[in-house]
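**Student:** The structure follows.
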Amino acid sequence: MFETDDKSVLLDAYNKIASSISKRPVAKDKYMDIRAEIIKRIDKSLLVSRDIYFTELEKQHILKECKSTYKDYCGFINGNPTAKTTQLIERKNALLDLMISFEIQSILRFKNGLGEDLYLDLRSIFSNRKYKARLMKDSVQVILKDAVDDPELSAIKKVQLFYTTRAGKKFHLQGCPYCAGKMLCAEYEYMLIDKRIKPCRCVTKNNEIIKEKKLKEQEEQYITAFVDESLRDNTGHYFDETLGMKQNVFSILMCKGMLRNEHSVTENGIIGQYIHVAERTEQLQYTTIEAIGTVMLKASLTGFSKNLIIYTDNQGVCNTWRKIPALEFLARSFSTVKIRFIRREKNKLADHLIRDNDIIVISKEKTKKLLEIYSSSQEQKSYKKNDW
Ligand SMILES: [Zn+2]
């Protein structure tokens with residue numbers, strides 16, 4: 001029943017990734033040749049008749065060719081928008097049609113392998129940027145395999161049936177007291193929404209329970225951390241000039257669960273908030289790396305080994321952290337580690353941890369002297385007070 005829907009999901013995804021393919025501008029006098037070459041390659045693929053039986057391996061081979069042609073088409077059109085002709089667009093559409101018809105077969109086969117009460121939410125997979133981008137090189141078969149194992153997606157869902165009475169304005173779960181002894185009609189939720197029938201309290205209450213359960217499960221599966229770093233004046237320098245004028249510090253805010261931004265941080269969800277003095281360096285990215293490594297250590301020391309998400313406003317480290325041996329090594333203690341970029345203005349909690357607190361490292365001897373000065377000044381104060 002969802003086949004046409006699946007087609008539109010794939011078509012949508014292919015159209016959307018088209019714009020992300022890097023531009024390949026060519027000189028205007030080369031337009032004709034390159035366009036002709038692409039049309040020739042598309043036509044060659046279109047010679048493949050859909051009525052002929054192909055083995056799975058042959059189909060994969062045809063698809064690979066088609067995808068590479070489509071990618072070249074996108075690069076050419078993105079780099080030379082004026083080279084677009086109706087003829088070229090028609091050919092490209094026919095190519096996409098062929099690719100999708102092959103891929104739909106894989107999807108159907110995959111769906112047939114699912115249990116009766118389960119369905120594949122293809123839209124959730126291909127609205128995800130990562131899986132959408134993979135369409136350009138991988139077969140849908142391979143993508144599906146990875147996507148259904150991705151805990152962030154939950155691409156396989158349970159089919160839920162709801163019940164209505166003959167003239168009812170609400171839909172119910174089986175077993176709702178309201179339905180007892182009445183003639184019921186079973187339907188899928190999307191059909192009911194189309195008919196503008198609203199959920200009964202039995203449904204909304206159940207949804208809340210499911211949501212809570214999911215949240216709890218997710219809290220056990222994920223730790224999310226926000227880190228920030230700063231190079232600032234070292235207050236300790238005023239008491240001990242052997243210490244540097246500046247010091248690197250970083251802050252960590254660690255929370256239970258999978259959080260998409262800091263607005264989702266709740267008091268109960270916080271595992272810990274820390275600020276640390278970091279190794280002295282002019283390059284703040286090393287401090288970010290130290291902060292990320294510290295999060296991994298802290299998480300792993302609590303015995304946690306599942307999924308870790310770390311937000312930082314250092315874009316460079318997000319892109320390159322896997323190449324840093326120490327981080328790569330620490331990351332092996334977890335099922336998945338994701339370092340995500342967060343804009344500075346959206347990382348306020350970690351930023352304030354650093355901004356609103358001070359840490360100084362000075363010798364015990366100096367602290368003792370400082371305390372002596374402090375208490376004698378306090379004594380003087382209370383003395384004056386009594387005098388007065
Ligand atoms: Zn009900």
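The values are calculated or read from the model by the stated rules, or taken from the named source; none is laboratory data. A quick note: this is a predicted structure, and the numbers were derived from the prediction, not measured. Please note: Cβ atoms are built from the backbone with ideal geometry, for glycine as well, and neighbour counts cover all protein chains shown. Side chains included, ligands, DNA and RNA excluded: accessible areas come from the protein's heavy atoms. Shrake-Rupley method; radii C 1.70, N 1.55, O 1.52, S 1.80 Å.
**Student:** Name the single residue, out of those in the range 183-192 being hydrophobic (A, V, I, L, M, F, W, C) and open to solvent by less than 100 Å² (accessible area, probe 1.4 Å), that is farthest from the ligand (Cβ to nearest atom).
**Tutor:** The qualifying residue farthest from the ligand (Cβ to nearest atom) is Met191.
**Student:** Among the residues of the range 22-33, are any in a helix (DSSP H, G or I), open to solvent by 40 Å² or more (accessible area, probe 1.4 Å), in contact with a helix residue (DSSP H, G or I) (Cβ under 8 Å, 6 or more places away or on another chain) and assigned by TED's automatic domain parsing to the domain that holds Ser127?
**Tutor:** Looking through the range 22-33, none of the residues is in a helix (DSSP H, G or I), open to solvent by 40 Å² or more (accessible area, probe 1.4 Å), in contact with a helix residue (DSSP H, G or I) (Cβ under 8 Å, 6 or more places away or on another chain) and assigned by TED's automatic domain parsing to the domain that holds Ser127.
**Student:** Pairs, please: C-beta under 6 Å, at least 6 apart or cross-chain, first residue assigned by TED's automatic domain parsing to the domain that holds Ile100 and in the range 58-71, second open to solvent by 90 Å² or more (accessible area, probe 1.4 Å) and at pLDDT below 90?
**Tutor:** none
**Student:** May I ask you to list the residues in the range 278-298 that are among the small types (Gly, Ala, Ser) and within 14 Å of Phe329 (Cα to Cα)?
**Tutor:** Gly293
**Student:** Now a separate question. How many residues are away from the ligand (no atom under 16 Å from the Cβ) and open to solvent by 40 Å² or more (accessible area, probe 1.4 Å) if we restrict to the range 128-182?
**Tutor:** Adding up the residues that qualify gives 19.
**Student:** Now, a different point. For the range 265-283, check the following and say yes or no: at least one residue is assigned to a helix (DSSP H, G or I) and of a type outside the set (D, E, K, R).
**Tutor:** No: the range 265-283 contains no residue that is assigned to a helix (DSSP H, G or I) and of a type outside the set (D, E, K, R).
**Student:** Could you say which residue among Glu217, Glu208 is open to solvent by 90 Å² or more (accessible area, probe 1.4 Å) and away from the ligand (no atom under 16 Å from the Cβ)?
**Tutor:** Glu217
**Student:** Can you name every one of the helices (runs of 4 or more DSSP H) wholly within the range 129-248 that holds 3 or more residues which are basic (Lys, Arg)?
**Tutor:** 129-134, 201-221
So that you can scan it fast, the table gives a plain yes or no per residue for (1) surrounded by 17 or more Cβ atoms within 10 Å (Cβ to Cβ); (2) β-branched (Val, Ile, Thr); (3) farther than 17 Å from Ser45 by Cβ:
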{"residue": "Pro81", "(1), (2), (3)": "no, no, yes"}
{"residue": "Ile100", "(1), (2), (3)": "yes, yes, no"}
{"residue": "Ser106", "(1), (2), (3)": "yes, no, yes"}
{"residue": "Gly113", "(1), (2), (3)": "no, no, yes"}
{"residue": "Ile125", "(1), (2), (3)": "yes, yes, yes"}
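**Student:** With a cut-off of at least 3 residues that are modelled with pLDDT of 90 or more and closer than 26 Å to Leu153 by Cα, name the helices (runs of 4 or more DSSP H) lying wholly within the range 304-388.
**Tutor:** The helices (runs of 4 or more DSSP H) meeting that bar are 315-320, 325-331.
**Student:** Take Asp97 and decide whether it is part of a helix (DSSP H, G or I) and over 17 Å from Arg24 (Cα atoms).
**Tutor:** yes
**Student:** Go through the range 260-318 and report how many residues are closer than 11 Å to Ile339 by Cβ and open to solvent by 60 Å² or more (accessible area, probe 1.4 Å).
**Tutor:** Residues flagged as closer than 11 Å to Ile339 by Cβ and open to solvent by 60 Å² or more (accessible area, probe 1.4 Å) within the range 260-318 amount to 1.
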